[in-house]
Amino acid sequence: MGKRWCLVLVLWGDAYSVAHVNALAGAALTLSTGCAEVVLLTDRPRPGLDIRVRAVPIPEFFDRPEFRRGGYVIKLSLFSRSVLPPDMPCVYLDLDTAVTGDLGRIAALVQDRNDIFMLPPGNLIGFGRLRRARFRLTRGRRMAVGNSSILAFHSAAEPNLADTFQRLYETGSGPAQVMNNDDRFISWFGWNRIAGVPSRLGVMFRREVLTRGRILGWLRNRAPWVRARRASIAAVTFNGAEHKPERLAALPDGALLCDKRGRSGRWSRAEIGPLKDRLACHCAAVVAGDAKG
């Protein structure tokens, strides 16, 4: 058994349901090693919640209308000390994410209390020395911005991200370009140490499955090293309105998937490999949970 860690989820409004939370919690507790607890930050009581999930109110500072819009600043509450177990690595997942393997391997990325991991920018440079040099040279005006759908961090980080945001917001001293967006603030806060979640552990569905060319997609999907890497993926996030679990659950095998950027792929085992079966299982669990609720 590996290091103990905590799964953190956030639920506000009505875009997602308790079924999404229960599907994630159930899969994490079943497939993962070392998961000590699942914490849900929520804006109100949620009937039907899995009894293994500890529900806590979103801290009052973050639970305000202006933080629920646009860049979803409300999500930064997940770093609040008051809701997290002390001195423990944490993994955060957006609710439109599927657990497909051992999340303990994502938690194990956190070796120091000030480590932060998030999905990297969608380019070849990602996070790293070049991006950090550009940040320094531009005094923070240019930086690498990751995606916070999958995060790994430590509850004992010092300084604390949520505390830092609150102080900057209340004093009006934070950089305007980062204060209205969770992805940008996290990337700015951790500019000198943030790292990408490796694609062998966590990916975006659209980046992993969709391509701009069918021939390129066909070749990539059948490459042995791609198949081997997909077998080890622990979390896949369906960010983007086109590809939500409820929609995917209703599709037949082989259905064409498209996004707004002209990328496409097939919802099929032949294209995605065995990972498709795990994704379909998650989608079915969400739909079944909603039907019960």
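Annotations
- Identity of the residue in the stretch 231-255, in a loop (DSSP other than H, G, I, E, B) and polar (S, T, N, Q), that ends up nearest to Ser148 (Cα to Cα): Asn239
- Single residue of Leu201, Leu151 found to be buried (at least 19 other Cβ atoms within 10 Å of the Cβ) and in contact with a Cys (Cβ under 9 Å, 6 or more places away or on another chain): Leu151
- Of the residues Leu161, Leu168, the single one that is farther than 21 Å from Arg113 by Cα and at pLDDT 90 or above is Leu168.
- One residue from Arg230, Arg222 being within 19 Å of the chain's Cα centre (by Cα) and basic (Lys, Arg): Arg230
- Only a single criterion out of (1) under 15 Å from the mean Cα position of the chain (by Cα); (2) surrounded by 18 or more Cβ atoms within 10 Å (Cβ to Cβ); (3) not in a loop (DSSP other than H, G, I, E, B) is not satisfied by Val145, namely (3).
- Residue-level check: of (1) closer than 28 Å to His282 by Cβ; (2) open to solvent by 30 Å² or more (accessible area, probe 1.4 Å); (3) among the aliphatic types (A, V, I, L, M), Ile125 misses just (1).
- Leading residue by the ranking (most open to solvent (accessible area, probe 1.4 Å)) among those in the stretch 17-71 that are acidic (Asp, Glu) and within 21 Å of Met88 (Cβ to Cβ): Glu37
- Residue identified as part of a loop (DSSP other than H, G, I, E, B) and among the acidic types (Asp, Glu) among Glu158, Glu170, Glu208: Glu158
- Screening Gly240, Gly265, Gly217, Gly213 for residues that are closer than 22 Å to Asn123 by Cα and either surrounded by 21 or more Cβ atoms within 10 Å (Cβ to Cβ) or in the same structural domain as Arg129 (by the TED database) (or both) leaves exactly one candidate, Gly265.
To keep it simple, each residue is scored yes or no on (1) closer than 24 Å to Ala15 by Cβ; (2) out of contact with any strand residue (DSSP E or B) (no Cβ under 8 Å at 6 or more places or on another chain); (3) at pLDDT 90 or above.
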{"site": "Asp183", "(1), (2), (3)": "yes, no, yes"}
{"site": "Ser187", "(1), (2), (3)": "yes, no, yes"}
{"site": "Val197", "(1), (2), (3)": "yes, no, yes"}
{"site": "Gly202", "(1), (2), (3)": "yes, no, yes"}
{"site": "Ala228", "(1), (2), (3)": "no, yes, yes"}
{"site": "Thr237", "(1), (2), (3)": "yes, no, yes"}
{"site": "His243", "(1), (2), (3)": "yes, no, no"}
{"site": "Cys281", "(1), (2), (3)": "yes, yes, yes"}
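The values are calculated or read from the model by the stated rules, or taken from the named source; none is laboratory data. Fair warning: this is a prediction, and the values are worked out from it, not measured in the lab. Cβ atoms come from the backbone with ideal geometry, glycine included; neighbour counts cover every protein chain shown. With ligands, DNA and RNA removed, areas are computed over all heavy atoms of the protein, side chains included. Shrake-Rupley method; radii C 1.70, N 1.55, O 1.52, S 1.80 Å.
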